[in-house]
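The values are calculated or read from the model by the stated rules, or taken from the named source; none is laboratory data. Nothing here was measured: the structure is a model prediction, and the numbers come from that model. Please note: Cβ atoms are built from the backbone with ideal geometry, for glycine as well, and neighbour counts cover all protein chains shown.
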Amino acid sequence: MKRLLLVTTLGMSGLTAAGLVSADPASAPANETAVLEKVTVTAQRREESAQDVPAALTVISGDKLRDKGVSNILGLQYEVPNLEIDPIYGSDQAQFRIRGVGLKDYGSNNASTVGVYVDQTAYPFAVQTQGLLFDLERVEVLRGPQGTLYGRNSTGGAVNFISRKPTREFESGFSASYGSFDAKTFEGYVSGPLSDALRSRIAFSTQQGGAWQHNRATGESLGDKNINALRAQFELEASKDLNFLLIANLSEDKSDSRGLRSYLGVVPNARGVAGGYSSIPADTDYRATGWSLRPEFASITGLPLGSKPQRDNNNGGLSLTANWDLGGAKLTSITSSQNLHRKEFIDWDGTVIPQSDEYFDSKIGVFSQEFRLASPGNERFNWLTGLYYSREKLNEKFYSDFTYNLGYATLTSYRQEANSLGVFGQADYALNDRYKLVFGLRHENEDRDLKNFATTYVSHASNAALVGTSTFAPVDRSLSSSLWSGKLALEYELAPAQLLYTSVSRGVKSGGFTAYNSVWPQQTDPVKPEILTAYEAGFKSDISSTFRLNGALFYYDYRDQQLQSTVYVDTTVKSIGRLVNVPRSEIYGTELEALWKPVSGLSISQYVGFKKGTYKEFRGVNSAASNAAGYEITTDYAGQDLPIPQWSYGGSASYKWSQQGYRFTAEGDYAFHDVLKSTSNPAYNTPAYWLANARFAVSPIGASWEVGLWVRNLFDKKYDLHHGSFLSNAQIATSGLPRTAGIQLNVAY
């Protein structure tokens with residue numbers, strides 16, 4: 001790792017030095033000076049400089065994401081300190097973790113600890129976050145509990161995706177890229193006025209190809225993308241005080257699912273051996289994977305024979321935002337309806353053995369209505385109050401083929417409905433020219449229902465009479481919550497563009513249900529909401545016109561943390577897998593972010609994050625001992641570390657210069673993610689890794705186009721995004737992409 005850091009640093013230094021030597025001051029980019037730009041955000045539901053927001057906030061521009069090839073939400077984790085996004089078992093169902101706060105859950109039904117918003121519309125289910133990154137103005141990542149300014153509650157933070165809006169003048173453009181493994185991307189937009197009062201923007205994106213994995217036994221490729229997305233916006237100025245914005249989005253994803261790699265080897269159990277399967281050694285090839293699909297399972301699920309791991313997802317929705325200037329206040333209404341139909345086949349053991357093949361058929365519908373009333377802003381006393389209502393519906397069928405593991409295949413089906421009503425508000429008051437007090441409060445009532453939950457045998461090798469019967473009578477479960485959260489903060493303006501702040505905030509996350517294959521109805525008992533009290537102190541400082549440094553220290557008092565674990569029932573049932581509540585734990589850490597523009601055209605950024613978590617009060621069931629002995633045996637985890645990575649580090653350097661009538665850009669970036677330790681066995685740890693990328697671009701001065709060459713994973717690092725197993729005999733890893741290279745064309749009219 002030291003050698004990689006040294007090579008990367010020296011390489012970027014050499015690249016910068018070469019650019020500085022070759023370009024004299026006269027050839028510097030026209031109209032460009034070494035001055036920090038003001039970044040405008042809406043993290044506090046009003047337009048203001050990011051440096052004026054008293055919270056840990058990272059802003060990533062859409063252009064930066066495009067040029068770095070970040071077309072999937074997983075790539076955001078290399079841009080933000082203390083952010084990890086894990087793909088679970090080969091799906092792109094992103095599992096967010098900010099400052100160590102995140103829920104590991106392969107089920108579709110539970111809310112994320114991190115609130116995700118697209119143009120102010122909340123996406124409560126993690127699986128909804130696939131395919132968001134195109135034609136974006138920026139992404140705002142807020143660390144720490146949110147709720148006094150946002151529609152939904154969250155304990156980890158919030159990620160806001162803000163798309164580019166319709167323009168008053170006509171403009172259009174596109175970006176096309178071709179790279180390794182025949183990967184192709186194309187996105188474009190058309191924007192402008194339709195009349196004096198009406199303007200629109202149409203943006204689209206497609207991703208094709210890119211199969212970088214292969215079947216270890218047959219050599220068949222896996223990993224092709226087939227994603228198409230469209231976003232249409234219409235903005236109407238009904239009057240000088242009233243504005244409407246209608247956004248329609250539609251996408252389809254018919255890509256291959258990601259294959260899983262065996263990093264410890266697979267030893268079939270007795271049923272697999274009897275079926276003619278032999279041991280599979282650990283994969284040293286990070287691109288290797290495997291899968292299977294029995295004809296019987298294909299018939300049950302409707303999958304075509306010979307199918308690879310794949311998905312056939314359709315996503316669509318409408319939102320209408322109205323802004324009405326009432327003179328002394330501004331009224332905002334956001335009405336949204338979003339729908340997703342997910343059909344995805346994944347092989348969770350990553351082998352040819354049919355021992356854990358999964359198929360999801362999930363239908364999600366979310367309706368939400370938010371009203372906000374806010375003061376005009378830029379006053380000594382600023383305030384905002386809001387009302388948020390949401391109705392969620394999930395109908396899911398989850399098929400599992402355990403034939404060569406347990407001897408049968410199952411269907412788990414259920415309906416989940418949730419209704420929530422929240423009232424929230426936040427205000428800030430300038431005590432004098434330097435001190436400002438911030439206070440906020442939120443209350444939310446939520447009713448969450450699990451209906452007709454049942455796991456049914458759909459095939460059984462040992463007992464055909466069980467086919468079509470449930471493991472227990474279908475059950476219903478309900479959970480009602482009345483949740484309070486809030487914030488109190490104090491700001492101090494040390495000098496112009498230098499802000500100190502301290503805050504205490506309380507965040508909550510909804511409870512839920514364990515919606516897995518189940519033999520016992522006790523597995524569906526609800527898990528309580530979790531509560532996090534965060535103490536934070538930070539600073540934001542433009543030390544000079546060319547150097548910016550932001551930092552924060554935080555301590556979290558975590559109560560009833562939701563965790564995937566096991567619970568003991570009785571001597572008959574023994575222990576079962578289920579989401580549980582950890583009575584008490586703590587997390588503390590720090591972050592630093594720096595941006596430096598020492599000379600015209602040169603920009604250098606760095607970030608570092610550290611966090612450490614500890615169980616303070618938690619007795620977990622020793623499931624293996626309980627099952628063998630028939631009674632409860634627990635392990636006291638108090639004092640043990642939470643399974644979260646401790647260090648994250650990253651940076652970038654970019655230099656732009658002009659010479660001989662051309663404008664050149666040379667840039668590189670790198671990131672480090674620390675080891676993710678397993679609480680059960682060090683052999684299951686997800687190892688630490690470094691990544692580095694590079695890009696070189698050129699365009700004629702004054703031209704509307706730019707062409708660039710890029711390399712991602714520059715040093716062809718072999719790394720894993722996630723280690724985790726559904727079966728004890730098949731420890732699997734989600735491999736990261738190998739080195740890829742390509743060419744990119746950006747055109748803007």
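Computed values, structure above
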| read-out | value |
| --- | --- |
| From the options Ser299, Ser278, residue that is part of a helix (DSSP H, G or I), of a type outside the set (D, E, K, R) and over 14 Å from Ser356 (Cα atoms) | Ser299 |
| Single residue of the stretch 280-331 satisfying the filter (among the polar types (S, T, N, Q) and in contact with a helix residue (DSSP H, G or I) (Cβ under 9 Å, 6 or more places away or on another chain)) that is farthest from Lys718 (Cα to Cα) | Asn315 |
| Within the stretch 692-727, considering residues that are touching a helix residue (DSSP H, G or I) at 6+ places or on another chain (Cβ under 9 Å) and not in a strand (DSSP E or B), the one nearest to Tyr404 (Cα to Cα) | Lys717 |
| Residue, surrounded by the fewest Cβ atoms within 10 Å (Cβ to Cβ), within the stretch 93-114, restricted to residues that are of a type in the set (Lys, Arg) and out of contact with any Phe, Trp or Tyr (no Cβ under 9 Å at 6 or more places or on another chain) | Lys104 |
| Flag for Asn378 being outside any strand (DSSP E or B), within 30 Å of Ala730 (Cα to Cα) and at pLDDT below 95 | no |
| Filter result (over 15 Å from Tyr568 (Cα atoms) and of a type in the set (Gly, Ala, Ser)) within the stretch 624-652 | Ala638, Gly639, Ser648, Gly650, Gly651, Ser652 |
| Checking Arg619 against (1) surrounded by 18 or more Cβ atoms within 10 Å (Cβ to Cβ); (2) without any contact (Cβ under 8 Å) to a residue 60 or more places away in the chain, the condition it does not meet | (1) |
| Restricting the stretch 560-577 to residues that are touching an Asp or Glu at 6+ places or on another chain (Cβ under 7 Å) and buried (at least 18 other Cβ atoms within 10 Å of the Cβ), the residue that is farthest from Phe618 (Cα to Cα) | Tyr568 |
| Residue in the stretch 321-344 that is at pLDDT 95 or above, within 30 Å of Glu237 (Cα to Cα), crowded, with 22+ Cβ neighbours inside 10 Å and of a type outside the set (Gly, Ala, Ser) present | yes |
| Count - residues of the stretch 431-456 that are within 24 Å of Ser400 (Cα to Cα) and either surrounded by 14 or more Cβ atoms within 10 Å (Cβ to Cβ) or under 29 Å from the mean Cα position of the chain (by Cα) (or both) | 7 |
| Contacts under 6 angstrom Cβ, first residue in the stretch 633-654 being surrounded by fewer than 19 Cβ atoms within 10 Å (Cβ to Cβ), partner assigned to a loop (DSSP other than H, G, I, E, B) and among the β-branched types (Val, Ile, Thr), 6 or more apart | Pro643/Thr679 |
| Residue within the stretch 457-465 that is crowded, with 18+ Cβ neighbours inside 10 Å, over 21 Å from Ala111 (Cβ atoms), of a type in the set (Val, Ile, Thr) and modelled with pLDDT of 95 or more present | yes |
| Answer from Lys330, Lys343, Lys363 - the residue that is touching a His at 6+ places or on another chain (Cβ under 6 Å) and in contact (Cβ under 8 Å) with a residue 12 or more places away in the chain | Lys363 |
| Looking only at the stretch 227-242, and only at residues there that are in a strand (DSSP E or B) and of a type in the set (Gly, Ala, Ser), the one that is farthest from Ser71 (Cα to Cα) | Ala232 |
| Where a residue in the stretch 524-546 is under 30 Å from Val599 (Cβ atoms) and its partner, wherever it lies, is assigned to a loop (DSSP other than H, G, I, E, B), with Cβ under 6 Å and at least six apart | Asp542/Ala497; Ser545/Val35; Thr546/Ala34; Thr546/Lys597 |
| All positions within the stretch 682-709 that are polar (S, T, N, Q), within 26 Å of the chain's Cα centre (by Cα) and either loosely packed, with under 14 Cβ neighbours inside 10 Å or at pLDDT 95 or above (or both) | Asn693 |
| Criterion violated by Thr679 - all others in (1) in contact (Cβ under 8 Å) with a residue 60 or more places away in the chain; (2) of a type outside the set (Phe, Trp, Tyr); (3) surrounded by 14 or more Cβ atoms within 10 Å (Cβ to Cβ) satisfied | (1) |
| Of the criteria (1) free of Cβ contacts under 8 Å to residues at least 60 places away in the same chain; (2) in contact with a Ser or Thr (Cβ under 9 Å, 6 or more places away or on another chain); (3) surrounded by 19 or more Cβ atoms within 10 Å (Cβ to Cβ), which one Ser605 fails | (3) |
| Criterion violated by Arg294 - all others in (1) over 30 Å from Leu242 (Cβ atoms); (2) of a type outside the set (Phe, Trp, Tyr); (3) within 29 Å of the chain's Cα centre (by Cα) satisfied | (3) |
| Residue satisfying condition, being modelled with pLDDT of 95 or more and among the basic types (Lys, Arg), within set Arg311, Arg258, Arg271, Arg287 | Arg287 |
| Leading residue by the ranking (surrounded by the fewest Cβ atoms within 10 Å (Cβ to Cβ)) among those in the stretch 60-77 that are out of contact with any Ser or Thr (no Cβ under 9 Å at 6 or more places or on another chain) and in contact (Cβ under 8 Å) with a residue 60 or more places away in the chain | Ser61 |
| Residue match in the stretch 496-512 (condition: surrounded by fewer than 16 Cβ atoms within 10 Å (Cβ to Cβ), among the polar types (S, T, N, Q), at pLDDT below 95 and over 28 Å from Ser605 (Cα atoms)) | no |
| Residue that is nearest to Asp119 (Cα to Cα), among those in the stretch 151-207 that are of a type in the set (Asp, Glu) and touching a residue at least 12 places away in the same chain (Cβ under 8 Å) | Glu187 |
| Residues of the stretch 211-226 that turn out to be part of a loop (DSSP other than H, G, I, E, B) and in contact (Cβ under 8 Å) with a residue 60 or more places away in the chain, as a count | 4 |
| Exclusive hit being in a strand (DSSP E or B), out of contact with any helix residue (DSSP H, G or I) (no Cβ under 9 Å at 6 or more places or on another chain), more than 30 Å from Val467 (Cα to Cα) and among the basic types (Lys, Arg), set Arg372, Arg415 | Arg372 |
| Residue satisfying all of: in the stretch 171-210; more than 24 Å from Asp67 (Cβ to Cβ) and in contact with a strand residue (DSSP E or B) (Cβ under 7 Å, 6 or more places away or on another chain); surrounded by the most Cβ atoms within 10 Å (Cβ to Cβ) among these | Arg199 |
| Cβ-Cβ under 6 Å pairs, at least 6 apart or on other chains, the stretch 406-428 side without any contact (Cβ under 8 Å) to a residue 40 or more places away in the chain, far side acidic (Asp, Glu) | Glu417/Asp449; Asn419/Asp447 |
